[in-house]
Amino acid sequence: MSVETRNIDTLVLHGGGFRADPATGATTVPIYQSVSFDLQDTARAERLANLAEIGFMYSRVANPTQDALEQRLAALDGGAAALALASGQAATAIAVLTLVEAGDNIVSSTDLYGGTWNFFANRLRQFGVEARFVDPADPANFRRATDARTRLYFGETLPNPKLEVFPIREVAEIGHQFGIPLIIDNTLAPVLARPIDHGAAVVIYSATKYIGGHGTTIGGAIIDSGRFPWADHPERQPLLNRPDPSYADRSWVELAQPFGPIAFLLAARAGLLRDLGPAIAPQNAFQLAQGLETLPLRIQRHSENAARVAAFLSGHPKVASVIYPGHQAGEARRRADAYLTGGHGGLVGVELKDGIEAGKRFIDALKLLYHVANIGDARSLAIHPASTTHGQLPPRQQHASGVTPGYVRLSIGIENADDIIADLSQALDHA
Ligand code: PLP
């Protein structure tokens with residue numbers, strides 16, 4: 001039974017087809033820890049193998065626990081279908097590789113998670129694909145970088161560390177003129193931003209962060225809006241429109257026809273995931289489904305706490321500047337207000353006056369906040385990129401990322417805000 005509502009806080013609990021386990025009546029999604037599924041008769045096995053029927057065969061491609069999570073993720077963003085994967089990196093890789101082949105290029109925002117940047121700048125080259133990086137502050141840069149072999153645009157809703165919101169609608173509209181889909185990584189702004197509503201064709205997540213929410217599980221997701229007209233652009237999008245030898249020379253657009261507007265998602269699952277294999281484990285799909293149930297509540301609290309932390313840091317004598325969407329001006333602020341609803345997310349950047357040494361002293365003095373590399377945990381977290389991850393980055397990326405020696409990234413958790421601020425205050429005394 002599908003729930004008829006557009007309210008996200010209900011959809012994360014009731015979205016999709018799962019109501020109770022048909023075999024046992026269990027109301028929580030069971031962990032179907034099974035590699036394979038009874039194919040019944042040979043006629044059905046053939047239909048499943050040929051994609052004439054969609055069903056469970058083998059857990060590398062689909063599993064019922066994963067399926068329940070996927071349906072709720074699709075509901076979260078108003079998509080037609082979703083694919084859960086082993087990690088956020090897998091989601092980016094599968095989404096991009098579904099659309100590109102040697103000789104093609106992609107146009108991406110410069111403001112990216114470092115792992116995505118490296119995949120685009122260095123790894124894609126191995127496949128003969130060029131990544132063109134453009135400054136998203138001027139959306140027309142995407143048009144300028146486009147040529148006949150451009151297959152997709154890519155951006156992050158709320159890129160860290162700049163925390164300047166990506167112009168989703170503006171870039172999606174440019175893409176629509178060429179038949180180029182916009183893929184948006186919405187990892188830092190689930191619930192707050194709904195990229196599909198603004199024209200994004202595909203949304204991806206590192207579910208490791210706010211969706212899981214507790215720092216226990218690596219996972220990722222791809223959500224297909226079902227709104228991109230792939231069939232209208234056979235030359236621009238050959239991989240979805242061309243006969244695919246993997247499935248009896250039928251195109252993904254044709255294969256998906258009986259199942260709805262899910263050509264992209266079907267190609268990602270039955271093509272790329274099947275061939276490359278980064279499947280999510282049922283146990284992890286279960287944990288992410290648990291996290292998803294409380295995501296709207298948590299993201300609201302993360303946002304409220306982060307706003308209080310940003311306000312506290314702004315007036316502090318050891319702080320040179322605070323990087324936070326709610327404190328931006330001009331066009332950046334307009335985009336934050338246009339694309340984020342109900343809060344500005346849980347990340348706050350702080351630039352310490354005394355540079356690299358202040359950053360180190362500050363981190364070493366923290367007692368409540370964890371000093372860790374991840375973000376989006378229920379607990380508050382901090383890292384000083386100049387003395388950790390960014391020390392090893394090539395100069396070009398250091399420049400693009402906007403990280404400076406005194407910059408500290410805070411991922412504000414859902415503890416009592418007074419306690420978070422008390423810890424930051426005492427650590428600043430040492431900075
Ligand atoms: N996208 C963003 C914005 C991220 O912050 C991360 C990880 O930090 C990823 C993608 C990659 O996700 P994962 O670590 O789950 O592979």
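The values are calculated or read from the model by the stated rules, or taken from the named source; none is laboratory data. None of the values given here were measured: they were computed from a predicted structure. Counting neighbours? That spans all protein chains shown, and the Cβs are built from the backbone with ideal geometry, glycine included. When the accessible area is computed, the model is the full protein with side chains, heavy atoms only, and any ligands, DNA or RNA have been set aside. Shrake-Rupley method; radii C 1.70, N 1.55, O 1.52, S 1.80 Å.
Observations on the model:
- Ranking by accessible area, most exposed first, for D429, D364 with a 1.4 Å probe: D364, D429
- Here the chain exposes an accessible surface that is 52 percent carbon and sulfur, computed with a 1.4 Å probe and the other protein chains kept in place.
- Sites Q283 and A248, calculated FRET efficiency, Cβ-Cβ separation with R0 45 Å, nearest 0.05: 0.80
- Relative packing of 341-347, 231-237, which averages over residues the other C-beta atoms within 10 Å, highest first: 341-347, 231-237
- Estimated distance in nm for a label pair at Q257 and S314, the labels positioned 7 Å out from Cα along Cα-to-Cβ: 5.7 nm
- The GNM of the chain, with springs linking C-alpha atoms under 10 angstrom apart, assigns the highest mean-square fluctuation among A310, A289, A373 to A373.
- Taking the three principal axes of the alpha carbon atoms in the stretch 222-354, the coordinate ranges are 67, 38, 29 Å, sorted in descending order.
- The stretch 178-243 and the stretch 247-268 have Cα centres spaced 17 Å apart.
- The stretch 335-390 and the stretch 279-308 have Cα centres spaced 19 Å apart.
- Antiparallel bridges, percent of DSSP beta bridges restricted to the stretch 296-430 (to nearest 5): 85 percent
- q = 0.08, 0.09, 0.11 Å⁻¹, the chain: log10 I(q)/I(0) [Debye, one scatterer per Cα]: -0.44, -0.56, -0.83
- Relative contact order for the stretch 136-286: 16 percent, from Cα pairs under 8 Å spaced at least 6 residues apart, divided by residue count.
- Charged side chains reduced to their Cβ positions (Lys and Arg at +1, Asp and Glu at -1) give the chain a dipole of some 520 debye around its Cα centre.
- The length gained by stretching the chain between N7 and N416 to full extension, at 0.36 nm per residue less their Cα-Cα distance, is 144.5 nm.
- Taking the empirical scaling 2.2 N^0.38 Å for compact globular proteins as reference, the stretch 18-165 has a Cα radius of gyration ratio of 1.34.
- Residue-averaged [θ]222 nm for the chain, counting only DSSP H segments that reach four residues, each worth -39500 (n - 2.57): -10000 deg cm²/dmol
- Share of pairwise Cα-Cα distances greater than 18 Å in the stretch 219-279 is 32 percent (whole percent).
- The heavy atoms of D275 present about 100 square angstrom of accessible area, all protein chains included, probe 1.4 Å.
- Computed with a 1.4 Å probe over protein heavy atoms only, the accessible surface of the stretch 296-430 comes to 43 Å² per residue.
- Residues of the stretch 176-291: accessible area per residue with a 1.4 Å probe, Å²: 34 Å²
- Integer Hz, Karplus 6.51/-1.76/1.60 couplings in order for the stretch 217-224, x for Gly and Pro: 9, 8, x, x, 8, 10, 10, 8
- Exposure rank, largest accessible area first [L239, L369; 1.4 Å]: L239, L369
- Within the stretch 296-430: Cβ-based charge dipole about Cα centre, in debye rounded to nearest 20 (Lys, Arg +1; Asp, Glu -1): 320 debye
- Between Q40 and D429, the distance separating the two model label sites (each 7 Å from Cα on the Cα→Cβ line) works out to 6.9 nm.
- Spin-label model, D337/S387: points 7 Å from Cα along the beta carbon direction are separated by 3.9 nm.
- Surface per residue (accessible, 1.4 Å probe) for the stretch 48-152, Å²: 34 Å²
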